[in-house]
Amino acid sequence: MLHTSFTRMSSNLWSFRWLCGAAISILAAWPAAAQNNFVNPQGGRSILHVDGTFKAMSRLAISVTDSEGTEIMVQLPQDVSKIRFHAEADPKGLRPGMMVRFDTSLGPGGVPLEPVKQVEIFHPLRGSNVPRRLVELVTPGLHAANKQANRNAGFVPGKYKVVGAIVGGDPGSWLAVKAGQYPIRVQLAPDAKFLIRTNSLELAQPGDRVTLDGFYNEPDKTKVLADSLTISTDRLIGTPTEGPPIKRRGRGREKRDAGAAAEGDAGEAAEAAE
């Protein structure tokens with residue numbers, strides 16, 4: 001019988017408040033009018049690519065140091081899907097209810113045929129303007145690689161992208177996910193990677209790598225309006241910290257609570273992608 005075996009943590013790195021709301025809270029500080037402080041649509045607008053390091057974040061901009069040591073003030077894109085934070089996650093920090101996605105092969109009856117080699121942890125994009133290219137990536141369910149076969153015959157064995165909420169597992173061997181209306185349990189490869197792929201900069205720290213494409217008013221390259229921005233790091237995110245033992249609840253209550261959390265978070269993601 002399936003039950004939850006993930007370690008519970010108090011760290012805000014993995015809280016639902018961070019996973020689901022961080023991107024929205026950051027973007028609330030970026031009024032559209034502030035763009036004029038970076039790029040004047042009527043001026044000499046030029047394209048700029050920057051590879052540098054993250055320095056700091058304020059209410060209206062982030063500070064980036066480019067490869068030549070020049071400090072650049074960067075306004076984030078209005079399209080939240082173009083803001084990306086990439087990192088590797090410690091699987092010991094996984095919790096029920098977290099949203100994940102991975103690719104796998106499913107046989108007859110939806111039985112997984114191979115161990116999963118990579119799992120992405122993400123937070124749902126909210127709102128009615130989720131780009132079409134991202135709808136499948138944030139909508140809970142089983143998404144067939146062969147769209148034509150799936151459309152004509154319902155479920156067809158083959159390659160699928162599984163998107164859903166964690167309901168249990170052992171990060172060293174298996175993972176159970178509620179993918180929309182489909183419960184699915186997969187084996188994990190011994191060297192499976194767990195990656196963070198979010199549209200929030202809450203986890204960014206000074207020294208992290210920055211890659212961005214944007215626009216500036218000639219000749220001032222120190223104020224840039226980003227069209228797309230990615231921050232990545234070699235830091236391992238989500239490692240549990242030592243603390244006092246947490247009293248375990250009864251298995252039945254634990255399972256019910258995990259299932260309710262997963263259904264609620266999956267429902268929010270589905271509404272956002274509609």
Per-residue ³J(HN,Hα) for the stretch 117-122, Karplus 6.51 cos²θ - 1.76 cosθ + 1.60, θ = phi - 60°, Hz, x for Gly and Pro: 9, 8, 10, 9, 9, 9
Restraint check, LYS117/LYS159; LYS117/LYS147; LYS161/LYS193; LYS92/LYS117; LYS82/LYS159; LYS55/LYS223, Cα-Cα greater than 19 Å: LYS117/LYS147; LYS82/LYS159
Span from the the stretch 140-204 Cα centroid across to the the stretch 53-74 one, whole angstrom: 35
Would you mind calculating the relative contact order of the stretch 87-197 from Cα pairs under 8 angstrom and at least 6 residues apart, reporting the percent as a whole number? 37
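Which order do you get for LYS92, LYS161, LYS221 if you rank them by accessible area with a 1.4 Å probe, largest at the top? Please list the in-between numbers first.
On the way: LYS92 135, LYS161 45, LYS221 105 Å².
Listed by decreasing accessible area, they come as LYS92, LYS221, LYS161.
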Point-charge dipole on Cβ atoms (K/R +1, D/E -1) for the stretch 150-196, about Cα centre, debye to 20: 240
Report in % the part of the accessible area of the stretch 87-197 that belongs to carbon and sulfur, leaving out ligands and nucleic acids; probe 1.4 Å. 51
Is there a quick way to get the dipole size of the stretch 80-188? I mean about its Cα centre, with the Cβ of Lys and Arg at +1 and of Asp and Glu at -1; what is the value in debye to the nearest 20? 440
For ASP103 the rounded accessible area (nearest 10 Å², probe 1.4 Å, non-protein molecules ignored) is 90
Quick one: which residues, 5 or more positions from HIS86 or on another chain, have an amide H under 5 Å from its amide H? H modelled 1.01 Å from N in the peptide plane, none for Pro or chain starts. ILE231, SER232, THR233
Among ILE62, GLN78, LEU134 the positive-end extreme of the charge dipole of the stretch 61-155 (Cβ point charges): LEU134
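Using the heavy atoms of the protein chains alone and a 1.4 angstrom probe, what is the accessible area of the stretch 87-197 per residue in square angstrom?
So the stretch 87-197 comes to 47 Å² accessible per residue, rounded to a whole number.
The values are calculated or read from the model by the stated rules, or taken from the named source; none is laboratory data. A quick note: this is a predicted structure, and the numbers were derived from the prediction, not measured. Positions of Cβ are generated from backbone atoms using ideal geometry, with glycine treated the same way; all protein chains shown enter the neighbour counts. Ligands, DNA and RNA are stripped out before the accessible areas are found, and what is left, the full protein with its side chains, is counted by its heavy atoms. Shrake-Rupley method; radii C 1.70, N 1.55, O 1.52, S 1.80 Å.
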